[in-house]
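Everything below concerns the one structure shown next.
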Amino acid sequence: MTEQQFTVQAEPWDAPDGTRLRAAQRAELDARYGSDDHEPGTAPTADDVPVFLVARDGPGRAVACGGLRPLAEGEAEVKRMYVDPGSRGSGVATAVLRALEDAARSRGVRRMLLETGTAQPEALRFYLREGYERIEAFGPYVGSSLSICCARDL
């Protein structure tokens with residue numbers, strides 16, 4: 001698939017397109033892991049994800065999303081990063097990730113962290129390709145056999 005142009009903008013957590021994309025992500029992960037009990041820690045909400053971005057393709061269809069959850073001083077976690085299967089390989093994931101990093105920088109974040117899982121090899125390859133490095137598990141992921149954590153200094 002060739003790289004396309006996308007618009008990436010902040011949208012309310014509970015807006016319909018973001019809600020639909022997050023539901024699709026949960027359904028895909030539930031299927032990959034064979035249960036709905038595969039995320040350690042507290043599920044993200046509008047209260048703890050102050051930045052939530054939605055990417056739209058040329059015709060305006062919402063095709064990807066991602067959010068930022070503040071952690072310790074100068075750190076934030078990527079949450080609910082998801083790309084609609086029909087848009088994978090188009091460059092939209094990189095567009096969302098770079099927009100999240102820009103938003104993080106503007107909030108004083110110096111280090112981005114994230115967790116992906118053992119049943120998501122494509123996601124791990126993506127993050128490593130985009131400059132993230134594997135790290136020891138942090139926060140609620142410590143001790144999780146399904147979690148793979150990564151980080152990148154901004």
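Here, each number is a calculation from the coordinates, and none is a lab measurement. As the structure is a prediction and not an experimental result, all values here were calculated from the model. Cβ placement follows ideal geometry from the backbone for every residue including glycine, while neighbour counts extend to all protein chains displayed.
Summing charges over all other residues whose Cβ lies under 14 Å from the Cβ of Gly139, with Lys and Arg as +1 and Asp and Glu as -1, gives -3. Would you give the gap between the C-alpha center of the range 105-144 and the C-alpha center of the range 31-67, rounded to a whole Å? What the calculation gives is 15 Å, centre to centre.
How much FRET efficiency would the formula 1/(1 + (r/R0)^6) give for Thr42 and Ala119, where r is the Cβ-Cβ distance and R0 is 30 Å, rounded to 0.05? Once the sixth-power term is evaluated, E becomes 0.90. When the chain is treated as a GNM with alpha-carbon contacts under 10 Å, the residue of Val96, Val142, Val78 showing the greatest mean-square fluctuation is Val142. When a/c reaches 1.5 or more, the comparison of a/b and b/c decides; with that in mind, is the range 7-110 rounded, prolate or oblate per its Cα gyration tensor? Note, shape of the range 7-110 comes out oblate.
Working out 0.36 nm times the residue gap between Ser106 and Arg61, then minus their Cα-Cα distance, what length gain in nm do you get to one decimal? Write out the running numbers ahead of the final one.
Details: separation 45, 0.36 × 45 = 16.20 nm, distance 2.69 nm.
Net length gain for the segment: 13.5 nm.
With the helix formula -39500 (n - 2.57) applied to DSSP H stretches of n ≥ 4, the chain reaches a computed 222 nm mean residue ellipticity of -9000 deg cm²/dmol. Relative contact order of the chain, taken over Cα pairs closer than 8 Å and 6 or more residues apart, is 22 percent.
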